[in-house]
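**Q** Mind looking over this structure? Questions follow.
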């Protein structure tokens, strides 16, 4: 969908007071071979799907991996078919490592699909030539191909047409998934922000108020704190580049590096407002700091928790998701690399559980 048509559809929907988040859909059984991944989604994996016959020939050793890669021109792609998945990126490269991480999660999910039903179906919308594009659920789609074969069918949630806020819907799902690499989450956030900006521009053109920061966070399905984290982390391109190159530091730690570097630059150069040149310099400084960070885990320290004297408190611990308890702990913004922060949270949790008196 080109930008002019998209803007027109937004204006039309706003003028007609339509709910932009309410899109008609139904559940349908659809051939996997008629479905296309979305290359702009953080879940996208550069892939080529293998015909079921060729996949069978590979698994029965009638066709070699080398022959299959040549047959599909698979270099710098991941070949996916029934019971086979081949990483064709240069061995040991960043792309190979990222693809391998995704491949492992696909195979694990496919094994689960083979013995049980897929609880949350992927979502699609129709495109030209009687085909469909994935909106959310890329990894689940890849796992279905691996588990059932490219020529099989599966149940999907099918929208009547492409939702106007596709990138917001994708971000809402991606932000809540722990297994998505950080780079994918940042990319999904930037795409969603572009839709938010387009929506705000359309609202202003017809005399409506822009979305507030709180409303934007609600639309994205995240807290205000998480929204601030994403804004800081996408402020400088060097952060995204570092994550794309394999950086694995937690968002909260990198956010601290960005803010400290930015504040130091402003103080040193007596700046209150940053121009493009300033931002480029700060981005380079951040890049230099992040390039010195390694993903090697630190020396492991054990954690301990205070004695829980309340049997009701112990029962609460065993039966509940402690991160959902009203214990006054901001689990989302804990630095999980900081032993002291984690220990303090555990002690606070213990104190809370001990208030559950028999």
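The values are calculated or read from the model by the stated rules, or taken from the named source; none is laboratory data. Keep in mind the model is a prediction, meaning the values are calculated, not measured. Glycine gets a Cβ as well: all are built from the backbone with ideal geometry, and neighbour counts include every protein chain shown.
**Q** Does the range 295-314 contain any residue that is part of a helix (DSSP H, G or I) and at pLDDT below 80?
**A** Yes, because at least one residue in the range 295-314 is part of a helix (DSSP H, G or I) and at pLDDT below 80.
**Q** Show the residue pairs that are 6+ apart or on different chains and have beta-carbon atoms under 9 Å apart, the first residue being within the range 304-320 and touching a residue at least 60 places away in the same chain (Cβ under 8 Å), the second being loosely packed, with under 14 Cβ neighbours inside 10 Å.
**A** So the pair list comes out empty.
**Q** To continue, here is another question. Here is a list: 77, 44, 25, 49. Which entry is within 22 Å of the chain's Cα centre (by Cα), modelled with pLDDT of 90 or more and surrounded by 14 or more Cβ atoms within 10 Å (Cβ to Cβ)? Talk me through it step by step, then tell me what you get.
**A** On the way: 44 fails: modelled with pLDDT of 90 or more; 25 fails: within 22 Å of the chain's Cα centre (by Cα); 49 fails: within 22 Å of the chain's Cα centre (by Cα).
Going through 77, 44, 25, 49 in turn, the sole match is 77.
**Q** Take residues that are under 20 Å from the mean Cα position of the chain (by Cα) and not assigned by TED's automatic domain parsing to the domain that holds residue 32 and tell me which of the helices (runs of 4 or more DSSP H) falling wholly in the range 87-187 contain 3 or more. Break it down stepwise before answering.
**A** Numbers: elements: 94-115, 138-148, 166-175.
Output list reads 166-175.
**Q** I've got another one for you. Which count do you get for residues in the range 202-245 that are assigned to a helix (DSSP H, G or I) and either in contact (Cβ under 8 Å) with a residue 12 or more places away in the chain or under 18 Å from residue 175 (Cβ atoms) (or both)?
**A** 29
**Q** If a residue must be under 19 Å from residue 24 (Cβ atoms) and surrounded by 22 or more Cβ atoms within 10 Å (Cβ to Cβ), how many such residues does the range 138-163 contain?
**A** Start the filter on the range 138-163 by keeping residues that are under 19 Å from residue 24 (Cβ atoms), which leaves 155-163.
Still in the list and also surrounded by 22 or more Cβ atoms within 10 Å (Cβ to Cβ): 156.
Number satisfying all stated conditions: 1.
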